[in-house]
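First the structure, in the form of C-alpha coordinates, and then the observations on it.
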Amino acid sequence: MSQTKKKRFKQIQKMLIEMGSGNFFYKVERSVKNDNVETVVANLNMVAEEFEAAMVHQGYVNANATIKHIVLMSFVLDSRAYIEMVTQRACIILSYLCKDIIGKPFENFLDDPSLKKWQKSWKQLQRKEFYDTSLDITFKTKEDLLVPSACYITTFIGKNGAKGNTLLTVVKHSKDNFDPELDLKQGFVQSTNAPKDQLEKTSAQPSKQKVQLSYEDIRKLREAGNLMLNNLEKDFPSLKEFALQLGTNTFKLKYGFKELYGISVYRFLRNERLRKAKMLVQYGDRSFKTIAHMTGFKSVPHFSRTFKKQYGYTPTELRKKSSSDDK
(Lines give C-alpha, C1' and ligand atoms only; values in the text may rest on other atoms or scores of the structure.)
Protein backbone atom coordinates (compact mmCIF):
# COMPACT_ATOMS: atom_id res chain seq x y z
CA MET A 1 0.00 0.00 0.00
CA SER A 2 1.36 3.42 -0.93
CA GLN A 3 2.19 6.05 1.70
CA THR A 4 -0.46 8.36 0.23
CA LYS A 5 -3.19 5.76 0.63
CA LYS A 6 -2.04 4.97 4.17
CA LYS A 7 -2.26 8.65 5.02
CA ARG A 8 -5.80 8.88 3.63
CA PHE A 9 -6.91 5.82 5.63
CA LYS A 10 -5.40 7.38 8.76
CA GLN A 11 -7.39 10.57 8.15
CA ILE A 12 -10.60 8.57 7.68
CA GLN A 13 -9.93 6.67 10.92
CA LYS A 14 -9.28 9.90 12.82
CA MET A 15 -12.47 11.50 11.49
CA LEU A 16 -14.57 8.47 12.46
CA ILE A 17 -13.19 8.72 16.00
CA GLU A 18 -14.08 12.41 16.13
CA MET A 19 -17.60 11.75 14.82
CA GLY A 20 -18.02 9.03 17.43
CA SER A 21 -17.11 11.64 20.04
CA GLY A 22 -19.79 14.00 18.73
CA ASN A 23 -17.50 16.33 16.77
CA PHE A 24 -19.02 16.76 13.31
CA PHE A 25 -17.08 19.86 12.21
CA TYR A 26 -14.08 17.89 10.90
CA LYS A 27 -13.73 17.02 7.21
CA VAL A 28 -11.25 14.92 5.22
CA GLU A 29 -9.52 16.77 2.40
CA ARG A 30 -10.65 15.67 -1.07
CA SER A 31 -8.15 14.50 -3.68
CA VAL A 32 -8.13 14.28 -7.47
CA LYS A 33 -8.14 10.49 -7.34
CA ASN A 34 -11.16 8.54 -8.53
CA ASP A 35 -11.03 5.40 -6.43
CA ASN A 36 -12.94 3.64 -3.66
CA VAL A 37 -11.12 5.55 -0.93
CA GLU A 38 -12.19 8.87 -2.45
CA THR A 39 -15.79 7.62 -2.54
CA VAL A 40 -15.60 6.85 1.19
CA VAL A 41 -14.13 10.31 1.86
CA ALA A 42 -16.90 12.06 -0.10
CA ASN A 43 -19.66 10.12 1.69
CA LEU A 44 -18.07 10.60 5.09
CA ASN A 45 -17.86 14.36 4.60
CA MET A 46 -21.50 14.48 3.52
CA VAL A 47 -22.62 12.48 6.57
CA ALA A 48 -20.72 14.87 8.87
CA GLU A 49 -22.34 17.87 7.15
CA GLU A 50 -25.80 16.31 7.49
CA PHE A 51 -25.32 15.70 11.21
CA GLU A 52 -24.00 19.20 11.80
CA ALA A 53 -26.79 20.80 9.77
CA ALA A 54 -29.44 18.68 11.53
CA MET A 55 -28.32 19.89 14.94
CA VAL A 56 -28.57 23.53 13.88
CA HIS A 57 -31.87 22.97 12.05
CA GLN A 58 -33.51 21.49 15.14
CA GLY A 59 -32.92 24.77 16.92
CA TYR A 60 -34.62 26.82 14.20
CA VAL A 61 -37.74 24.66 13.88
CA ASN A 62 -38.34 24.45 17.62
CA ALA A 63 -39.98 27.66 18.80
CA ASN A 64 -39.16 26.85 22.42
CA ALA A 65 -35.43 26.62 21.79
CA THR A 66 -32.78 29.08 20.72
CA ILE A 67 -29.50 28.81 18.87
CA LYS A 68 -26.51 29.00 21.13
CA HIS A 69 -23.27 30.41 19.70
CA ILE A 70 -20.28 28.38 20.83
CA VAL A 71 -16.78 29.80 20.51
CA LEU A 72 -14.65 26.92 19.27
CA MET A 73 -11.35 28.70 18.83
CA SER A 74 -9.86 32.14 19.46
CA PHE A 75 -6.52 33.59 18.39
CA VAL A 76 -4.80 36.90 19.12
CA LEU A 77 -2.35 37.98 16.40
CA ASP A 78 0.39 40.59 16.49
CA SER A 79 1.14 43.11 13.73
CA ARG A 80 2.90 40.41 11.67
CA ALA A 81 -0.03 37.96 11.89
CA TYR A 82 1.92 35.75 14.30
CA ILE A 83 -0.10 34.06 17.06
CA GLU A 84 0.43 35.70 20.44
CA MET A 85 -2.38 33.99 22.37
CA VAL A 86 -4.57 30.97 21.75
CA THR A 87 -7.40 29.28 23.64
CA GLN A 88 -7.13 25.80 25.13
CA ARG A 89 -9.95 24.51 22.91
CA ALA A 90 -8.14 25.64 19.75
CA CYS A 91 -5.06 23.61 20.71
CA ILE A 92 -7.20 20.53 21.31
CA ILE A 93 -9.18 20.85 18.06
CA LEU A 94 -6.02 21.36 16.00
CA SER A 95 -4.18 18.61 17.97
CA TYR A 96 -1.16 20.75 18.81
CA LEU A 97 0.49 21.60 22.10
CA CYS A 98 0.03 25.29 22.91
CA LYS A 99 3.77 25.94 22.67
CA ASP A 100 3.68 24.67 19.08
CA ILE A 101 1.03 27.25 18.12
CA ILE A 102 2.10 30.37 19.99
CA GLY A 103 4.72 32.35 18.09
CA LYS A 104 3.87 30.72 14.74
CA PRO A 105 2.33 32.46 11.70
CA PHE A 106 -1.45 32.09 11.67
CA GLU A 107 -1.32 30.99 8.03
CA ASN A 108 0.59 27.84 9.05
CA PHE A 109 -2.68 26.32 10.26
CA LEU A 110 -4.76 26.93 7.13
CA ASP A 111 -5.29 24.79 4.04
CA ASP A 112 -4.03 26.06 0.66
CA PRO A 113 -7.26 27.69 -0.64
CA SER A 114 -7.79 29.45 2.70
CA LEU A 115 -4.21 30.67 2.72
CA LYS A 116 -4.86 32.84 -0.34
CA LYS A 117 -8.10 34.22 1.14
CA TRP A 118 -6.36 34.98 4.42
CA GLN A 119 -3.42 36.77 2.78
CA LYS A 120 -5.83 38.97 0.81
CA SER A 121 -7.89 39.75 3.91
CA TRP A 122 -4.76 40.51 5.96
CA LYS A 123 -3.66 43.11 3.39
CA GLN A 124 -7.03 44.83 3.80
CA LEU A 125 -6.61 44.77 7.57
CA GLN A 126 -3.23 46.45 7.26
CA ARG A 127 -4.66 49.30 5.18
CA LYS A 128 -7.37 50.20 7.70
CA GLU A 129 -6.99 51.53 11.21
CA PHE A 130 -10.12 49.91 12.56
CA TYR A 131 -11.76 46.94 10.88
CA ASP A 132 -14.34 44.21 11.53
CA THR A 133 -15.06 41.48 9.04
CA SER A 134 -15.84 37.80 8.67
CA LEU A 135 -14.12 35.17 6.59
CA ASP A 136 -14.91 31.56 5.69
CA ILE A 137 -11.65 29.69 6.04
CA THR A 138 -10.59 26.11 6.66
CA PHE A 139 -8.10 25.10 9.31
CA LYS A 140 -5.88 22.04 8.96
CA THR A 141 -5.17 19.88 12.01
CA LYS A 142 -1.94 18.09 12.75
CA GLU A 143 -3.46 14.92 11.26
CA ASP A 144 -4.44 16.89 8.11
CA LEU A 145 -8.15 16.85 8.90
CA LEU A 146 -10.01 19.96 7.78
CA VAL A 147 -12.10 22.26 9.99
CA PRO A 148 -14.27 24.57 7.80
CA SER A 149 -14.98 27.62 9.92
CA ALA A 150 -16.70 30.98 9.99
CA CYS A 151 -14.01 33.25 11.36
CA TYR A 152 -14.82 36.69 12.79
CA ILE A 153 -11.94 39.17 12.66
CA THR A 154 -11.62 42.31 14.76
CA THR A 155 -8.75 44.80 15.05
CA PHE A 156 -7.95 46.85 18.13
CA ILE A 157 -6.97 50.48 18.43
CA GLY A 158 -4.63 51.57 21.21
CA LYS A 159 -3.69 54.96 22.62
CA ASN A 160 -3.31 57.83 20.14
CA GLY A 161 -4.79 55.65 17.41
CA ALA A 162 -1.96 53.12 17.50
CA LYS A 163 -2.84 49.79 15.90
CA GLY A 164 -3.04 46.94 18.34
CA ASN A 165 -3.57 43.21 17.99
CA THR A 166 -6.08 41.31 15.89
CA LEU A 167 -8.64 38.93 17.39
CA LEU A 168 -9.93 35.97 15.38
CA THR A 169 -12.87 33.99 16.72
CA VAL A 170 -14.35 30.79 15.29
CA VAL A 171 -18.01 30.28 16.19
CA LYS A 172 -20.28 27.26 15.79
CA HIS A 173 -24.00 26.99 16.51
CA SER A 174 -25.84 24.61 18.78
CA LYS A 175 -29.40 24.27 19.99
CA ASP A 176 -29.66 25.77 23.47
CA ASN A 177 -31.57 22.90 25.08
CA PHE A 178 -29.88 20.18 23.07
CA ASP A 179 -26.88 18.72 24.86
CA PRO A 180 -25.67 15.27 23.72
CA GLU A 181 -23.55 15.01 26.87
CA LEU A 182 -26.41 15.75 29.28
CA ASP A 183 -27.16 12.14 30.18
CA LEU A 184 -23.53 11.47 30.99
CA LYS A 185 -23.32 14.60 33.12
CA GLN A 186 -26.53 13.67 34.94
CA GLY A 187 -25.08 10.25 35.65
CA PHE A 188 -22.33 11.81 37.72
CA VAL A 189 -24.76 14.13 39.51
CA GLN A 190 -27.16 11.32 40.33
CA SER A 191 -24.43 9.27 41.93
CA THR A 192 -24.35 11.88 44.74
CA ASN A 193 -28.13 11.92 45.23
CA ALA A 194 -28.32 8.97 47.57
CA PRO A 195 -30.90 8.94 50.40
CA LYS A 196 -29.98 11.04 53.43
CA ASP A 197 -29.85 8.01 55.78
CA GLN A 198 -27.47 6.25 53.45
CA LEU A 199 -25.24 9.31 53.21
CA GLU A 200 -25.14 9.62 56.99
CA LYS A 201 -24.14 5.97 57.33
CA THR A 202 -21.45 6.39 54.74
CA SER A 203 -20.07 9.53 56.38
CA ALA A 204 -19.93 7.74 59.71
CA GLN A 205 -17.59 5.13 58.29
CA PRO A 206 -13.90 5.93 58.68
CA SER A 207 -12.99 4.40 55.30
CA LYS A 208 -11.10 6.69 52.93
CA GLN A 209 -13.20 7.83 49.96
CA LYS A 210 -11.90 8.27 46.46
CA VAL A 211 -11.82 11.66 44.83
CA GLN A 212 -14.86 11.85 42.54
CA LEU A 213 -14.13 12.91 38.97
CA SER A 214 -16.77 14.96 37.20
CA TYR A 215 -17.74 14.43 33.58
CA GLU A 216 -15.76 17.57 32.70
CA ASP A 217 -12.67 16.14 34.44
CA ILE A 218 -12.94 12.92 32.42
CA ARG A 219 -13.39 14.86 29.17
CA LYS A 220 -10.21 16.80 29.87
CA LEU A 221 -8.29 13.62 30.72
CA ARG A 222 -9.36 12.06 27.42
CA GLU A 223 -8.19 15.19 25.63
CA ALA A 224 -4.88 14.81 27.47
CA GLY A 225 -4.49 11.29 26.08
CA ASN A 226 -5.35 12.45 22.55
CA LEU A 227 -2.87 15.33 22.71
CA MET A 228 -0.08 12.96 23.77
CA LEU A 229 -0.92 10.50 21.00
CA ASN A 230 -0.75 13.29 18.41
CA ASN A 231 2.53 14.70 19.72
CA LEU A 232 4.66 11.66 20.53
CA GLU A 233 7.71 13.18 18.81
CA LYS A 234 7.62 16.37 20.91
CA ASP A 235 9.40 17.15 24.17
CA PHE A 236 6.65 16.69 26.70
CA PRO A 237 5.95 19.74 28.92
CA SER A 238 5.93 19.55 32.70
CA LEU A 239 2.78 18.18 34.31
CA LYS A 240 2.03 21.67 35.65
CA GLU A 241 2.21 23.23 32.16
CA PHE A 242 0.22 20.37 30.62
CA ALA A 243 -2.49 20.63 33.29
CA LEU A 244 -2.70 24.39 32.69
CA GLN A 245 -3.22 23.83 28.95
CA LEU A 246 -6.03 21.37 29.69
CA GLY A 247 -7.71 23.74 32.14
CA THR A 248 -7.19 21.54 35.21
CA ASN A 249 -4.65 21.17 38.01
CA THR A 250 -1.69 18.84 38.51
CA PHE A 251 -3.39 16.71 41.14
CA LYS A 252 -6.46 15.97 39.02
CA LEU A 253 -4.25 15.26 36.01
CA LYS A 254 -2.07 12.75 37.90
CA TYR A 255 -4.82 11.14 39.97
CA GLY A 256 -7.51 11.20 37.29
CA PHE A 257 -5.24 9.90 34.54
CA LYS A 258 -4.33 6.87 36.61
CA GLU A 259 -8.00 6.26 37.43
CA LEU A 260 -9.02 6.51 33.76
CA TYR A 261 -6.12 4.77 32.02
CA GLY A 262 -4.72 2.62 34.83
CA ILE A 263 -1.20 4.04 34.52
CA SER A 264 0.61 7.31 35.13
CA VAL A 265 0.87 10.10 32.55
CA TYR A 266 4.53 9.44 31.83
CA ARG A 267 4.08 5.66 31.65
CA PHE A 268 1.22 6.14 29.17
CA LEU A 269 3.44 8.41 27.06
CA ARG A 270 6.33 5.95 27.12
CA ASN A 271 4.12 2.98 26.23
CA GLU A 272 2.54 4.82 23.28
CA ARG A 273 5.92 5.92 21.99
CA LEU A 274 7.17 2.34 22.13
CA ARG A 275 4.00 1.00 20.52
CA LYS A 276 4.39 3.36 17.57
CA ALA A 277 8.11 2.63 17.36
CA LYS A 278 7.44 -1.11 17.23
CA MET A 279 5.05 -0.68 14.29
CA LEU A 280 7.57 1.48 12.42
CA VAL A 281 10.36 -1.05 13.03
CA GLN A 282 8.28 -4.10 12.16
CA TYR A 283 6.39 -2.81 9.13
CA GLY A 284 8.58 -0.02 7.75
CA ASP A 285 12.07 0.55 6.45
CA ARG A 286 12.99 3.82 8.15
CA SER A 287 16.33 4.04 9.94
CA PHE A 288 16.36 3.57 13.70
CA LYS A 289 17.63 7.13 14.10
CA THR A 290 14.56 8.44 12.24
CA ILE A 291 12.20 6.22 14.24
CA ALA A 292 13.77 7.35 17.51
CA HIS A 293 13.24 10.98 16.48
CA MET A 294 9.63 10.34 15.38
CA THR A 295 8.77 8.78 18.74
CA GLY A 296 10.43 11.27 21.07
CA PHE A 297 13.61 9.41 22.03
CA LYS A 298 16.78 11.51 22.38
CA SER A 299 19.19 8.96 20.92
CA VAL A 300 19.30 5.55 19.26
CA PRO A 301 21.05 3.86 22.25
CA HIS A 302 18.37 5.18 24.63
CA PHE A 303 15.67 4.03 22.21
CA SER A 304 17.19 0.54 21.87
CA ARG A 305 17.61 0.07 25.63
CA THR A 306 14.04 1.14 26.39
CA PHE A 307 12.69 -0.97 23.51
CA LYS A 308 14.46 -4.13 24.73
CA LYS A 309 13.37 -3.56 28.31
CA GLN A 310 9.75 -3.34 27.14
CA TYR A 311 9.64 -6.15 24.55
CA GLY A 312 12.57 -8.40 25.40
CA TYR A 313 14.40 -7.86 22.08
CA THR A 314 16.13 -4.99 20.33
CA PRO A 315 14.78 -3.09 17.31
CA THR A 316 17.48 -4.74 15.19
CA GLU A 317 16.37 -8.22 16.24
CA LEU A 318 12.72 -7.42 15.52
CA ARG A 319 13.48 -6.05 12.05
CA LYS A 320 15.62 -9.09 11.16
CA LYS A 321 12.86 -11.41 12.30
CA SER A 322 10.21 -9.47 10.34
CA SER A 323 12.39 -9.52 7.19
CA SER A 324 12.93 -13.26 7.41
CA ASP A 325 9.19 -13.89 7.95
CA ASP A 326 8.38 -11.95 4.76
CA LYS A 327 10.64 -14.14 2.62
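The values are calculated or read from the model by the stated rules, or taken from the named source; none is laboratory data. Computed from a prediction, not measured in an experiment: that's the story for all the values here. FYI the Cβ positions are ideal-geometry reconstructions off the backbone, even for glycines, and counts take in every protein chain you see.
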Taking segment 27-42 and keeping residues surrounded by 14 or more Cβ atoms within 10 Å (Cβ to Cβ) and either modelled with pLDDT under 80 or hydrophobic (A, V, I, L, M, F, W, C) (or both) leaves 28, 37, 40, 41
Having 2 or more residues that are among the basic types (Lys, Arg) and not assigned by TED's automatic domain parsing to the domain that holds residue 303 is the bar; report the helices (runs of 4 or more DSSP H) wholly within segment 215-282 that clear it.
215-229, 250-261
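Identify all residues within segment 292-311 that are of a type in the set (D, E, K, R) and surrounded by fewer than 15 Cβ atoms within 10 Å (Cβ to Cβ); write none if there are none. Please lay out each step first, then the result.
Going residue by residue through segment 292-311, those that are of a type in the set (D, E, K, R) are 298, 305, 308-309.
The answer is 298, 305, 309.
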Could you tell me which numbered condition residue 139 fails, if it satisfies all but one of (1) more than 30 Å from residue 9 (Cβ to Cβ); (2) among the aromatic types (Phe, Trp, Tyr); (3) assigned to a strand (DSSP E or B)?
(1)
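Does residue 82 satisfy the condition of being of a type in the set (Ser, Thr, Tyr) and at pLDDT below 90? First the steps, then the outcome.
Working: of a type in the set (Ser, Thr, Tyr): yes; at pLDDT below 90: no.
For residue 82, the condition - of a type in the set (Ser, Thr, Tyr) and at pLDDT below 90 - is not met.
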Looking only at segment 231-288, filter to residues that are crowded, with 17+ Cβ neighbours inside 10 Å and among the small types (Gly, Ala, Ser); which one of those is nearest to the chain's Cα centre (by Cα)?
243
Kindly provide the set of residues from segment 258-284 that are modelled with pLDDT under 90 and of a type in the set (Phe, Trp, Tyr), ordered by number.
261, 283
Return the pair list, or none, for Cβ contacts closer than 9 Å from residues in segment 1-30 that are over 16 Å from residue 47 (Cβ atoms) to residues that are in a helix (DSSP H, G or I) and among the acidic types (Asp, Glu), at least 6 apart or on different chains.
8/38
